[in-house]
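S.K.: Supplied in C-alpha cells, the structure appears directly below.
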Amino acid sequence: MRLVGLYLALFVFWLLMSGHYEALILGFGIVSCAAAVYIARRKDIVDDETLSWYLKPKLPFYWLWLLGQILKANVDVAKRCVLPGSRIDPCVFLAPADQETSVGVVTYANSITLTPGTVSMQTWDHEIRVHALTRDGARDVLGDEMGARICRVEGEQ
Amino acid sequence: MMFAAAMAGVLAAMALTLVRALLGPTVFDRVLALNTFGTVTVLAIAVLGFLMGRPQFLDIALLYALINFVGTIAILKYLQYGDLGASGESPDAGESGR
Amino acid sequence: MALAVDIASWACLVAGALLCFAGGVGMIRFPDVYARSHAAGVIDTGGALFILLGLALQAGFALVTVKLGLIGLLLFFTSPTATHALVKGALAGGLNPLCHQLTADETAALADEASP
C-alpha cells in the first residue's frame, strides 16, 4: 500500500520534472519509477515513521515559524561577518532534547543547524551538543522555544 | 539587469569560498568550502538560466544540488572511516556527552 | 501590479546577493571550521532562499516556479545534514573548537536567563 503511494508520488514528481507527455518518454518514466520503488523496498526504507511525521497538520506552521527565526538569525550573523569590529564569542554546550521519537530529535537538530549562528555537533537520544557563534544564540537554544514547538508538533495525532 | 546584480553577488561569494578552499588550513575547512561552493554554484546556474533566458538550466541546478550533497557526504565518510563501504555505525553511538 | 512584482523581485535578489557575499566574507574572516560553518549557513539558507524567491517572482506561475521550489526544498533538507556531518567529522577528527566549553553550571545559568 505504501509502495503504491510512493510510486504515485514519484510519478507525479517525474511528470513535473519532465514536462513531456509522449508515449515513449512516459514509458521511460514508468520504468524508472518502478526501479526506484524496487530499490527502496530492497533497502527497506519505506516505513511509517517519516510518513506519519510529514502528515502532521501542525508541521507547516512550525516551518513558517522556523523560516522567521532563520531570517532573523541570518541578518545577525551576516552583520557579524561583514561589519568591521564586530565580535564573535563562540561556545559549545549540551542542550537537552526532550522529543520522544528519533524523527523529532533529528528535526530539532536540523532546525538548530539550519538557523545560522548555531550548529548541532553531536546528537544522542536526549541531548545535543551545540556550537553557538554568540552567547545570545546559545541563550536562544537553551530557552527551548524551538524544542517545545517540535514537542507540540510531535504530540498530535 | 537585476539578474546581473544577483550574479555579481553570487560570483563574489564563489570567489571567496574558493579562496577559503585553497587556504585550508585543515581538510575540513576545504570540504566545508567545497560544499558551500557547490551551493553557490547551484544558485549561479539558476540565475544564469534566467540571465540567458533558458530556464531549462534549472534541471542542471537541481541535479548539481543532489550531486554536491552526495559528494560531500562521500568525502566525509571516506575521511572518517577510510572506506566508502563502511556500515556507517558511529563509534560513539549510545554514550552521552557528559 | 507588474511593477510591484518587479520591485519585490529586485529586493529579494539584491538581499540574496548581499547575504551570499556576507557569507563569503565570513568564510574568510572567521577563525576556525566551526565558526566558518555558521557563515556557510548564511549562504545555504538566507542567500539561497532570497535568490530563489526573487527568481520565482520573475517566473510567475509556471513549471519553472515548481522547479525553483524543489531546488529550495532540496537545499533546505540537505544543507543541515551536510553541515552536521562535517562538524561531527571534524570533532571526531580531533579538531578542537577555538572557544569556551560551557560547564553544566554555566549552561544552567544561561537557560535560567532565557526562560522568563
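S.K.: Within region C:24-68, work out how many residues are touching a His at 6+ places or on another chain (Cβ under 9 Å) and either part of a helix (DSSP H, G or I) or at the interface with chain B (Cβ under 7 Å from one of its Cβ atoms) (or both).
M.R.: First pass over region C:24-68, keeping only residues touching a His at 6+ places or on another chain (Cβ under 9 Å): C:26, C:30, C:34-35, C:37-38.
Filter once more, so that each one left must be either part of a helix (DSSP H, G or I) or at the interface with chain B (Cβ under 7 Å from one of its Cβ atoms) (or both): C:26, C:34-35, C:37-38.
Total meeting the criteria: 5.
S.K.: So how many residues does region A:69-86 have that are closer than 14 Å to C:His38 by Cβ and assigned to a loop (DSSP other than H, G, I, E, B)?
M.R.: 1
Residues are listed down the side, and each one gets a yes or a no for (1) closer than 28 Å to C:Gly46 by Cα; (2) touching an Asp or Glu at 6+ places or on another chain (Cβ under 9 Å); (3) free of Cβ contacts under 8 Å to residues at least 24 places away in the same chain; (4) not aliphatic (A, V, I, L, M):
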{"position": "C:Leu75", "(1), (2), (3), (4)": "yes, yes, no, no"}
{"position": "C:Ala82", "(1), (2), (3), (4)": "yes, yes, yes, no"}
{"position": "C:Val87", "(1), (2), (3), (4)": "yes, no, no, no"}
{"position": "C:Leu98", "(1), (2), (3), (4)": "yes, yes, no, no"}
{"position": "C:Glu106", "(1), (2), (3), (4)": "no, no, yes, yes"}
{"position": "C:Leu110", "(1), (2), (3), (4)": "yes, no, yes, no"}
{"position": "C:Glu113", "(1), (2), (3), (4)": "no, no, yes, yes"}
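S.K.: Suppose the filter is of a type in the set (A, V, I, L, M, F, W, C) and out of contact with any Leu (no Cβ under 8 Å at 6 or more places or on another chain); does C:Leu13 pass it?
M.R.: Spelling it out, it is not the case that C:Leu13 is of a type in the set (A, V, I, L, M, F, W, C) and out of contact with any Leu (no Cβ under 8 Å at 6 or more places or on another chain).
S.K.: Of all the residues that make up region A:33-50, how many are in a helix (DSSP H, G or I) and modelled with pLDDT under 75?
M.R.: Number satisfying all stated conditions: 3.
S.K.: Would you mind stating whether A:Leu24 is loosely packed, with under 12 Cβ neighbours inside 10 Å and under 30 Å from C:Ala39 (Cβ atoms)?
M.R.: No.
S.K.: Okay, moving on. Identify the residue in region C:1-39 that is closer than 30 Å to C:Asn96 by Cβ and more than 15 Å from the chain's Cα centre (by Cα) and, among all such residues, is surrounded by the fewest Cβ atoms within 10 Å (Cβ to Cβ).
M.R.: C:Pro31
S.K.: For region C:37-51, check the following and say yes or no: at least one residue is in contact with a Cys (Cβ under 6 Å, 6 or more places away or on another chain), within 21 Å of A:Leu83 (Cα to Cα) and of a type in the set (Gly, Ala, Ser).
M.R.: yes
S.K.: Based on what the data block shows, is A:Thr113 within 22 Å of A:Leu71 (Cβ to Cβ), at pLDDT 85 or above, facing chain C (nearest Cβ under 8 Å) and not in a loop (DSSP other than H, G, I, E, B)?
M.R.: Details: within 22 Å of A:Leu71 (Cβ to Cβ): yes; at pLDDT 85 or above: yes; facing chain C (nearest Cβ under 8 Å): yes; not in a loop (DSSP other than H, G, I, E, B): yes.
Yes, satisfied.
S.K.: Looking only at residues in region A:73-86 that are surrounded by 14 or more Cβ atoms within 10 Å (Cβ to Cβ) and under 27 Å from the mean Cα position of the chain (by Cα), which one is nearest to A:Val141 (Cα to Cα)?
M.R.: Result: A:Ala73.
S.K.: Quickly run through region A:87-107 and pick out the residues that are small (Gly, Ala, Ser) and surrounded by 13 or more Cβ atoms within 10 Å (Cβ to Cβ).
M.R.: A:Ala95, A:Ala97, A:Gly104
S.K.: Scan region A:51-83 for residues that are in contact with a Pro (Cβ under 6 Å, 6 or more places away or on another chain) and either modelled with pLDDT under 85 or aliphatic (A, V, I, L, M) (or both) and jot them down.
M.R.: A:Ala73, A:Val77
S.K.: Have a look at A:Arg135, A:Arg152, A:Arg129 and point out the one that is closer than 22 Å to C:Ala108 by Cα, modelled with pLDDT under 85 and of a type in the set (Lys, Arg).
M.R.: Of the residues listed, the single one that is closer than 22 Å to C:Ala108 by Cα, modelled with pLDDT under 85 and of a type in the set (Lys, Arg) is A:Arg135.
S.K.: Related question: If I filter region A:25-82 down to residues being free of Cβ contacts under 8 Å to residues at least 60 places away in the same chain and of a type in the set (S, T, N, Q), which single residue comes out as farthest from the other protein chains (Cβ to nearest Cβ)?
M.R.: Top of the filtered list is A:Ser52.
S.K.: If you don't mind, there's one more thing I want to ask. Checking the condition surrounded by 13 or more Cβ atoms within 10 Å (Cβ to Cβ), modelled with pLDDT of 90 or more and more than 8 Å from chain C (Cβ to nearest Cβ), which residue from B:Thr41, B:Thr36, B:Thr17 passes?
M.R.: Result: B:Thr41 is the single residue among B:Thr41, B:Thr36, B:Thr17 that is surrounded by 13 or more Cβ atoms within 10 Å (Cβ to Cβ), modelled with pLDDT of 90 or more and more than 8 Å from chain C (Cβ to nearest Cβ).
S.K.: Filter region C:53-83 for residues that are touching a Gly at 6+ places or on another chain (Cβ under 8 Å), among the aliphatic types (A, V, I, L, M) and closer than 17 Å to C:Asp6 by Cβ and give the result.
M.R.: C:Leu53, C:Ala56
S.K.: Turning to a different aspect of this structure: Check A:Phe28, A:Phe93, A:Phe13 and return the single one that is within 30 Å of C:Asp32 (Cβ to Cβ) and not hydroxyl-bearing (Ser, Thr, Tyr).
M.R.: One residue alone meets the criteria, A:Phe93.
S.K.: Does A:Leu26 qualify as being outside the structural domain of A:Asp125 (by TED's automatic domain parsing), part of a helix (DSSP H, G or I) and of a type outside the set (Ser, Thr, Tyr)?
M.R.: Taking the combined requirement at face value, the residue satisfies it.
S.K.: While we're looking at this one, here's another question. Could you list, in sequence order, all residues of region C:82-112 that are of a type in the set (Ser, Thr, Tyr) and surrounded by fewer than 17 Cβ atoms within 10 Å (Cβ to Cβ)? Lay out the reasoning, then the answer.
M.R.: Filtering region C:82-112 for residues of a type in the set (Ser, Thr, Tyr) gives C:83, C:103, C:107.
The answer is C:Thr103, and nothing else.
S.K.: Tell me which residues, restricted to region C:93-111, are assigned to a helix (DSSP H, G or I) and within 9 Å of chain A (Cβ to nearest Cβ).
M.R.: C:Ala104, C:Glu106, C:Thr107, C:Ala108, C:Leu110, C:Ala111
S.K.: In region A:128-155, what residues are closer than 21 Å to C:Ala35 by Cβ, out of contact with any Ser or Thr (no Cβ under 8 Å at 6 or more places or on another chain) and at the interface with another protein chain (Cβ under 9 Å from one of its Cβ atoms)?
M.R.: Scanning region A:128-155 gives A:Arg135, A:Arg139.
The values are calculated or read from the model by the stated rules, or taken from the named source; none is laboratory data. Fair warning: this is a prediction, and the values are worked out from it, not measured in the lab. We place every Cβ from the backbone using ideal geometry, glycine too, and count neighbours over all the protein chains shown.
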